[in-house]
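A.B. asks: To start, I am sharing the structure in question, which I have written as structure tokens.
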Amino acid sequence: MPTPEEAAHLMLDLYTNGKPHSYPIDPVEIARSFGINVYQSRLSNTLSGMIGRREHGAETDLVINSEHAPVRQRFTTAHELGHYFAVTQDAQRAQEPFLHRRDQLAACGTNHEEIFANKFAAELLMPTNEVRRLHRVGKSAPELARYFRVSLDAMSNRLSNLGLV
């Protein structure tokens, strides 16, 4: 299994057919290009989204909380794509039913699957090389957050995790 960062790059390369891309990345477009149905719905405030397949061989559905801010919806979509990638890389699980929910557990940083999905989402939306390049030329955290269309909290966490602050 690739690292979350490698997985994010692999999914992006599959989506773009290896061609150059621009920012911000659209995780909904990526999901739909992989045949995932994407929906918005009012969910409990503690539930950002979920991805799953009801039965063997069925389509995959991704549901995002319509009440959350657009930047949070983008991160949640990318996070759920991380779960999808992990499931589909396992040949035995690739067509099996599954369900992953982005709730309080995702932010705790203790569950291996949630850690993978969070790192995947961060790399998909805020790729290390691009963050480092823009940081080198003096872009501030708010400027970077706007550029990548993520929350300031997500961008600040990314900069911290990359050792840039």
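A.B. asks: Amide H of G49: which non-local residues (sequence gap of 5 or more, or other chain) have their own amide H closer than 5 Å, using H built in the peptide plane?
C.D. replies: N65, R102
A.B. asks: So how tilted is helix 4-16 from the main axis of the chain? Cα-based, degrees 0 to 90, rounded to 10.
C.D. replies: So the helix axis and the longest Cα principal axis differ by about 80 degrees.
A.B. asks: May I ask you to compute the full-extension gain from N45 to I115, defined as 0.36 nm times their residue separation minus their alpha-carbon distance, rounded to one decimal in nm? Don't jump to the answer; show the numbers that get you there.
C.D. replies: Values: separation 70, 0.36 × 70 = 25.20 nm, distance 2.10 nm.
Between N45 and I115, full extension yields 23.1 nm more.
A.B. asks: Grab the DSSP H runs of the chain that are 4 residues or longer, score each as -39,500 (n - 2.57), total them, divide by all residues and round the 222 nm result to the nearest 500 deg cm²/dmol. Display every interim value, and only then the final one.
C.D. replies: Values: 8 runs with 86 residues, N = 165.
Helix-only estimate at 222 nm: -15500 deg cm²/dmol.
A.B. asks: Under a 1.4 Å probe, what is the accessible area of the chain per residue, stated in Å²? Present the calculation step by step, with values, prior to reporting the outcome.
C.D. replies: Working: 8830 Å² over 165 residues.
It amounts to 54 Å² per residue over the chain.
A.B. asks: For the pair N17 and A69, what calculated FRET efficiency results from E = 1/(1 + (r/R0)^6), where r is the Cβ-Cβ distance and R0 = 41 Å, to the nearest 0.05? Could the numbers behind the result be given before it?
C.D. replies: Values: r = 31 Å, r/R0 = 0.76.
Computed FRET efficiency for A69 and N17 comes out at 0.85.
A.B. asks: Could you estimate the translational diffusion coefficient of the chain from the Stokes-Einstein equation, with Rh from the Kirkwood formula over C-alpha pairs, at 4 °C and 1.567 mPa s, in whole µm²/s? Write out the running numbers ahead of the final one.
C.D. replies: Details: Rh = 16.1 Å.
Calculated translational D: 81 µm²/s.
A.B. asks: May I pose another question? Where does the longest stretch of the chain lie that holds no GluC sites (Glu not before Pro) found in a DSSP loop with 13 or fewer other Cβ atoms within 10 Å?
C.D. replies: Details: sites that count: E55, E59.
With a cap of 13 other Cβ atoms within 10 Å, the longest stretch comes to 60-165.
A.B. asks: Averaging over all projection directions, find the projected area of the Cα convex hull of the stretch 121-165 and quote it in nm² with one decimal place.
C.D. replies: Working: hull surface 10.3 nm².
Averaging across all directions leaves 2.6 nm² for the Cα convex hull.
A.B. asks: Over the chain, what relative contact order in percent results from Cα pairs under 8 Å that are six or more residues apart? Could the numbers behind the result be given before it?
C.D. replies: Details: 244 pairs, mean separation 40.6, N = 165.
Across the chain, relative contact order equals 25 percent.
A.B. asks: Given a Förster distance of 22 Å, report the FRET efficiency between L152 and R132 from their Cβ-Cβ distance, rounded to the nearest 0.05. Numbers along the way, then the final one.
C.D. replies: Working: r = 18 Å, r/R0 = 0.84.
E(calc), rounded to 0.05, equals 0.75.
A.B. asks: Separate question: Roll a 1.4 angstrom probe over the protein heavy atoms and tell me the percent of accessible area of the chain that is carbon or sulfur.
C.D. replies: Details: 4310 of 8830 Å².
After summing per-atom areas, the C and S share lands at 49 percent.
The values are calculated or read from the model by the stated rules, or taken from the named source; none is laboratory data. Small disclaimer: the values here were computed from a predicted structure and weren't measured. Cβ atoms come from the backbone with ideal geometry, glycine included; neighbour counts cover every protein chain shown. Surface accessibility is based on the protein's heavy atoms, side chains included, excluding ligands, DNA and RNA. Shrake-Rupley method; radii C 1.70, N 1.55, O 1.52, S 1.80 Å.
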